[in-house]
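A.B. asks: Handing you this structure, nothing more for now.
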Amino acid sequence: MKTDRVSNPKLDLALASLDGLSVGDAFGETFFSPAGAIVKRFAERRPAPPPWFWTDDTAMAIGIVETLAKCGSIDQDELAATFARNHSRDPMRGYGAGARQILRQIEIGMRWQAASKGAFSGSGSLGNGAAMLDVAIDLTPGSQVRVGIERARNLGPDISVPTAVNALGNGMSITAPDTVPFALWNASRRIDDFEDALWETATGMGDVDTTCAIVGGIVGAAVGRAGIPAEWLAARESLPPIT
């Protein structure tokens, strides 16, 4: 993605994360296909033919980066307005029913605090994977999500993906506690290898576009755009310019 702007290290990091997240999202979306074909693709580690289309996960991430570019930080009112505006422009991205209702209410002028009604609960190297999990635990308030991340930290990197899915979930329940710990565990194991991180995450199935989006965003920030396979970037549907 290109923008006409003076280089900003924090925004550059956010844009690298967005590239990784959107590629992961679009890559994961290709696994919603017949089981037999998926098993063969896993065995051969063969990506689907392009184009790969991104979903609401990327649409929301675009809104975050747009807000950072405009405000220099996350202004919650601006972020909510950006989410709603982007949804209005392109609503067919797989938004969930609850998200659609909230965003439509914001579009017609309702304050985001009233619309959500409690529905939504730094720059530099990310370091090694274990350190990344420690930081995530420190930054996560006491909740089931934090409990899950702590469980992921205690699992260690060497257990199998199916074992991790049994312990952490894989997004099938479409909740943060069922999704975030598994994604962070996968990212922590392959923090310096974008391609391997995405394949390992996809084998867990479940809400695979979302788990791959989270992992792609984290590992993309760690390795930078140069660390994302060029053919994967080319396969991903183009992103709109950041405004």
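The values are calculated or read from the model by the stated rules, or taken from the named source; none is laboratory data. Note that the structure is predicted; figures quoted are calculated from it, not measured. Here the Cβ positions follow ideal geometry from the backbone for every residue, glycine too, while neighbour counts run over all protein chains shown. Protein only, heavy atoms only, side chains kept; ligands, DNA and RNA dropped before computing areas. Shrake-Rupley method; radii C 1.70, N 1.55, O 1.52, S 1.80 Å.
A.B. asks: Kindly indicate whether any position in region 194-202 is open to solvent by less than 40 Å² (accessible area, probe 1.4 Å) and at pLDDT below 95.
C.D. replies: Here is the first cut: in region 194-202, the residues open to solvent by less than 40 Å² (accessible area, probe 1.4 Å) are 194, 196-202.
Filter once more, keeping what is at pLDDT below 95: none.
No, every residue in region 194-202 fails to be open to solvent by less than 40 Å² (accessible area, probe 1.4 Å) and at pLDDT below 95.
A.B. asks: Kindly evaluate residue 32 against the criterion of being open to solvent by 60 Å² or more (accessible area, probe 1.4 Å), modelled with pLDDT of 95 or more and out of contact with any Cys (no Cβ under 7 Å at 6 or more places or on another chain). Give the steps one after another, and end with the answer.
C.D. replies: Values: open to solvent by 60 Å² or more (accessible area, probe 1.4 Å): yes; modelled with pLDDT of 95 or more: no; out of contact with any Cys (no Cβ under 7 Å at 6 or more places or on another chain): yes.
Considered against the rule, which asks whether it is open to solvent by 60 Å² or more (accessible area, probe 1.4 Å), modelled with pLDDT of 95 or more and out of contact with any Cys (no Cβ under 7 Å at 6 or more places or on another chain), residue 32 comes out as no.
A.B. asks: Let me ask something else about it. Would you mind telling me which numbered condition in (1) more than 30 Å from residue 203 (Cβ to Cβ); (2) surrounded by 16 or more Cβ atoms within 10 Å (Cβ to Cβ); (3) not hydroxyl-bearing (Ser, Thr, Tyr) residue 25 fails?
C.D. replies: (1)
A.B. asks: Also, I was wondering about something else. If residue 158 passes every condition in (1) assigned to a helix (DSSP H, G or I); (2) surrounded by fewer than 18 Cβ atoms within 10 Å (Cβ to Cβ) but one, which one does it miss?
C.D. replies: (1)
A.B. asks: I want to confirm something. Restricting to region 140-155 and keeping residues that are under 21 Å from the mean Cα position of the chain (by Cα) and more than 15 Å from residue 214 (Cβ to Cβ), which single residue is most open to solvent (accessible area, probe 1.4 Å)? If you could, list the steps in order and put the result at the bottom.
C.D. replies: At the first step, the residues of region 140-155 found to be under 21 Å from the mean Cα position of the chain (by Cα) are 140-141, 143-153.
Now narrow it down to the ones that are more than 15 Å from residue 214 (Cβ to Cβ): 141, 143-144, 146-147, 150-151, 153.
Numbers: 141: 97, 143: 49, 144: 126, 146: 69, 147: 58, 150: 68, 151: 106, 153: 82 Å².
This residue is 144.
A.B. asks: So is residue 70 modelled with pLDDT under 90, open to solvent by 70 Å² or more (accessible area, probe 1.4 Å), in a helix (DSSP H, G or I) and not hydrophobic (A, V, I, L, M, F, W, C) or not? Quick ask: steps written out before the conclusion?
C.D. replies: On the way: modelled with pLDDT under 90: no; open to solvent by 70 Å² or more (accessible area, probe 1.4 Å): yes; in a helix (DSSP H, G or I): yes; not hydrophobic (A, V, I, L, M, F, W, C): yes.
Criteria not met by residue 70.
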